[in-house]
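Accompanying notes for the structure given below.
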Amino acid sequence: MASLTPKVRRFLDGKHIGKLATIMDDGSPHVTPIWYMREGDKVVINTTTNRVKYRNIERDGRVCFLVDDGYPYVILFGTARIASERDRMKDIEKLAIRYTGRAAGTKAARTRFWKEPRASIEITPRRAVVGL
């Protein structure tokens, strides 16, 4: 696992939208914007189980995760895994609060997101490319 510097951690803690690249079954890339949160040197995302990214990660956990503000940026190459031991509903609520604020995030989580089949996914970076 790559160890992230304090500068990279601070940048990742900013309220940016991540871009997650997964591998389709034909080998082509699939990229999607996504909310994320950093926990130590890992990144946690949450998605519905009917999404392409979820199926891709189930089959092949190799990912590339980009967080940018134009320039500066951080690219993490690593492995994603479906983290079934995590509280997926708590994770989506934390993410909704992070991106939309406490009141709106709590409401969205409980009235919409908790009604969906969800999964939390942990990304473990193996290598980081940094343009900060």
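Fewest first, what order do 114, 35 take by the number of other Cβ atoms within 10 Å?
Values: 114 14, 35 20.
Fewest to most other Cβ atoms nearby, the residues stand as 114, 35.
Arrange 53, 7 by Cβ neighbour counts within 10 Å, fewest through most, would you?
7, 53
As an exercise, use a Förster radius of 22 Å and the Cβ-Cβ distance of residue 10 and residue 71 to find the FRET efficiency, rounded to the nearest 0.05. All intermediate terms of the calculation are to be shown ahead of the outcome.
On the way: r = 16 Å, r/R0 = 0.73.
About 0.85, to the nearest 0.05.
Mean separation of Cα pairs under 8 Å and 6+ residues apart, divided by the residue count of the range 6-131: what relative contact order is that in percent?
Relative contact order, the range 6-131: 29 percent.
Please give the charge dipole size of the range 6-131, origin at the Cα centre, charges +1 on K and R Cβ atoms and -1 on D and E Cβ atoms. Round to the nearest 20 debye.
I would put it at about 400 debye.
Filter the cross-link list 53/115; 53/94; 7/90; 19/42 down to pairs whose alpha-carbon distance in this structure exceeds 23 Å.
7/90
Any idea how far apart residue 103 and residue 79 come out in nm if each label point goes 7 Å out from Cα toward Cβ?
4.5
Arranged by the count of other C-beta atoms within 10 angstrom, fewest first, what order do 110, 88 take?
Details: 110 13, 88 22.
Ranking 110, 88 by Cβ neighbours within 10 Å, fewest first, gives 110, 88.
Can you tell me how much longer the chain between residue 127 and residue 112 gets when fully stretched, taken as 0.36 nm per residue apart minus their C-alpha distance, in nm with one decimal?
Result for the pair: 1.9 nm of gain on full extension.
Computed from the coordinates by the stated procedures, all read-outs in this text should not be read as laboratory data. These numbers were taken from a predicted model, which means no experiment stands behind them. Don't worry about glycine lacking a Cβ; one is built from the backbone with ideal geometry, like all the others, and counts go over all protein chains shown.
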